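The values are calculated or read from the model by the stated rules, or taken from the named source; none is laboratory data. As the structure is a computational prediction, the values presented were derived from the model and not from experiment. With ideal geometry, Cβ positions are generated from the backbone for all residues, glycine too; neighbour counts draw on all protein chains shown. These area figures cover heavy atoms from the full protein model, side chains too; ligands, DNA and RNA do not enter into them. Shrake-Rupley method; radii C 1.70, N 1.55, O 1.52, S 1.80 Å.
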Amino acid sequence: MKTHLISQVILKYLSGLMFLILLIFIPAGSLDFWKGWLLVGLVFLPMLLIGILLFLYKPDLLRKRLEMKEKEKEQKQIIFLSALLFLATFILAGLDYRFSWFQVPSLITWCASFIFLASYLLYAEVLRENNHLFRIIDVQDQQNVISTGLYRIVRHPMYLATLGLFLSIPLILGSLLAFLVMLLYLPIINQRIKGEEAFLEKNLEGYQEYKNQVPTKIIPFLW
C-alpha cells in the first residue's frame with residue numbers, strides 16, 4: 001500500500017513540476033527568467049518537505065488528498081474556473097516578462113516571496129491541525145468540528161493560506177497585469193466557501209454552532 005502511495009506522490013510531484021516549468025517558460029520565451037525559477041523553487045521545495053511529513057505522519061490524509069475527486073456540480077464548476085484563471089495568470093506573467101509590459105520592481109518580488117513562504121507555513125499548520133482537510137467538500141465518518149488553534153480565529157484558515165499563496169504568485173513572477181487577473185480569485189473562493197458552508201451546516205453536526213462562535217470566514221475583522 002505504501003509503495004503505491006509513494007508512486008502516486010512521485011508521479012504527481014514530477015508531472016506538476018514539469019507542467020509548471022512549461023507553463024512559466026514557454027510564454028516567457030526564455031530560460032533566463034530568474035523570477036520563474038524562483039517561483040519553481042518556492043512551490044516545489046516546501047511541497048516536497050510537506051509531502052514527506054504527510055507520508056511519515058499522516059499517510060491516510062495524504063492518500064485521500066491525492067485520490068478524492070469533487071462530487072458537487074457547483075464545486076466542479078468553481079474548480080474549473082479556478083484552473084482557467086491560473087492558466088491565464090501564468091501565461092500573462094510569462095508574456096509580461098517577454099514584452100516588458102508592466103513589470104514590478106524586484107523588491108516587490110522578494111516581499112511577495114516572503115508572503116508566499118509565510119502562507120506555506122500557515123498551510124502546513126492547518127494540515128497539522130485538521131485530519132479531515134481534503135481537497136474536496138465532504139464529511140467523513142466520525143468527523144467532528146475543528147475549533148482549536150487557527151480555527152478559533154477564522155473558520156477557513158486553509159483559504160487564508162491559499163489567498164496568500166495565490167495572490168503572491170504573479171508578484172513573484174513580477175507581473176502587475178497577472179496580479180490584477182488573479183484578483184478574480186476572490187469572488188471564486190468566496191463562492192466556494194458559500195457552497196462548503198451550506199454543505200457542512202447540513203451534514204456536519206455542530207457546524208452551525210461553530211459558525212456562531214467564530215464569525216470570521218478568512219480575515220479577522222474584514223471577511
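A few remarks follow.
- Considering residues of the stretch 139-150 that are surrounded by fewer than 18 Cβ atoms within 10 Å (Cβ to Cβ) and under 21 Å from the mean Cα position of the chain (by Cα) only, the residue modelled with the highest pLDDT: 149
- If you go through the stretch 75-93 and pick out every residue that is open to solvent by 50 Å² or more (accessible area, probe 1.4 Å) and aromatic (Phe, Trp, Tyr), you end up with 1.
- Residue that is nearest to residue 47 (Cα to Cα), among those in the stretch 94-107 that are touching a residue at least 12 places away in the same chain (Cβ under 8 Å) and either of a type in the set (Phe, Trp, Tyr) or crowded, with 16+ Cβ neighbours inside 10 Å (or both): 94
Per-residue answers, yes or no, for (1) within 24 Å of residue 178 (Cα to Cα); (2) modelled with pLDDT under 90:
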{"site": "64", "(1), (2)": "no, yes"}
{"site": "67", "(1), (2)": "no, yes"}
{"site": "77", "(1), (2)": "yes, yes"}
{"site": "80", "(1), (2)": "yes, yes"}
{"site": "92", "(1), (2)": "yes, no"}
{"site": "104", "(1), (2)": "yes, no"}
{"site": "107", "(1), (2)": "yes, no"}
{"site": "134", "(1), (2)": "no, yes"}
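- Within the stretch 210-222, restricting attention to residues that are in contact (Cβ under 8 Å) with a residue 60 or more places away in the chain and in a helix (DSSP H, G or I), the residue that is farthest from residue 146 (Cα to Cα) is 213.
- Selection within the stretch 151-174: residues that are small (Gly, Ala, Ser) and under 26 Å from residue 210 (Cβ atoms). The member of this set that is most open to solvent (accessible area, probe 1.4 Å) is 164.
- Test: residue in the stretch 214-222 that is closer than 25 Å to residue 108 by Cβ and open to solvent by 60 Å² or more (accessible area, probe 1.4 Å): yes
- Restricting attention to the stretch 16-66 and to residues that are among the basic types (Lys, Arg) and part of a helix (DSSP H, G or I), the residue that is surrounded by the fewest Cβ atoms within 10 Å (Cβ to Cβ) turns out to be 65.
- For beta carbons closer than 6 Å, sequence separation of 6+ or different chains, a first residue in the stretch 121-146 that is farther than 17 Å from residue 189 by Cα and a second that is modelled with pLDDT under 65, the qualifying pairs are 132/140.
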